[in-house]
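Report on one structure; see the data block that follows.
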Amino acid sequence: MTHSIPEDAGYYLDEFDGPKFWDHVSLHGGTDYLNDPLARLGADAGQCWEWTGWTSTGYGRINLFGNAVPAHVVGFREFGGKIPAGYDIDHLCRNVACVRFDHLEPVTHQENVNRGKRGRQGETHCRHGHEYTAENTGMQRNKGTLIRVCKACRRAHQQAATARRKAK
């Protein structure tokens, strides 16, 4: 998928696992890095490196060293990044498929959660493009937290579930 492995890669992966990782990374055509005003200066500078391999809830996963490892953690460590014990890797670009090391930052779990909530607060549309209006927005408990839900998506999900049940 890549056309070349970046020259400064190679701190974490060996000659066997390196190609296995980089074969699932698209270095071109990713989304622009949202928080970097200098991102548009270089032809490739600032674009996300999209993980194209196995994903779980949008996050890339790869089997390394006998374990399923988050691809963004591998991307961060591949360029010499150190992750303190008890820290998570946060996507500064808010693209969970991104494995570009300079779009990632080690933060505490609580800071990672807070940043995710702040990133969603300003959204005006759900991920399927429906506008959040008074008529189309509901509230629902999810693991003890009250969250905003799109009524149109919930209705479509319920209709699809009903259709699947009737088809059996």
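Assorted remarks:
- Checking the stated criteria, R115 turns out to be modelled with pLDDT under 90, over 24 Å from F21 (Cβ atoms), of a type in the set (K, R) and not assigned by TED's automatic domain parsing to the domain that holds I147.
- In region 134-154, the residues that are of a type in the set (D, E) reach residues that are assigned to a helix (DSSP H, G or I) with C-beta atoms within less than 9 angstrom, at least six apart or across chains, in these pairs: E135/K151.
Every residue, every condition in (1) surrounded by fewer than 17 Cβ atoms within 10 Å (Cβ to Cβ); (2) in contact with a Lys or Arg (Cβ under 7 Å, 6 or more places away or on another chain); (3) in a strand (DSSP E or B); (4) not basic (K, R), yes or no:
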{"site": "R77", "(1), (2), (3), (4)": "no, no, no, no"}
{"site": "G81", "(1), (2), (3), (4)": "no, no, no, yes"}
{"site": "P84", "(1), (2), (3), (4)": "yes, no, no, yes"}
{"site": "I89", "(1), (2), (3), (4)": "no, no, yes, yes"}
{"site": "N114", "(1), (2), (3), (4)": "yes, no, no, yes"}
{"site": "E123", "(1), (2), (3), (4)": "yes, no, no, yes"}
{"site": "L146", "(1), (2), (3), (4)": "yes, no, yes, yes"}
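- Checklist (1) touching an Asp or Glu at 6+ places or on another chain (Cβ under 8 Å); (2) under 28 Å from T52 (Cα atoms) applied to R77, failing item: (1)
- Scan of region 14-47 for residues that are at pLDDT 85 or above, in contact with a helix residue (DSSP H, G or I) (Cβ under 8 Å, 6 or more places away or on another chain) and part of a loop (DSSP other than H, G, I, E, B), ordered by number: H24
The values are calculated or read from the model by the stated rules, or taken from the named source; none is laboratory data. Not measured: the values here are computed from a predicted model. Cβ: placed from backbone, ideal geometry, glycine included. Neighbour counts: every protein chain shown.
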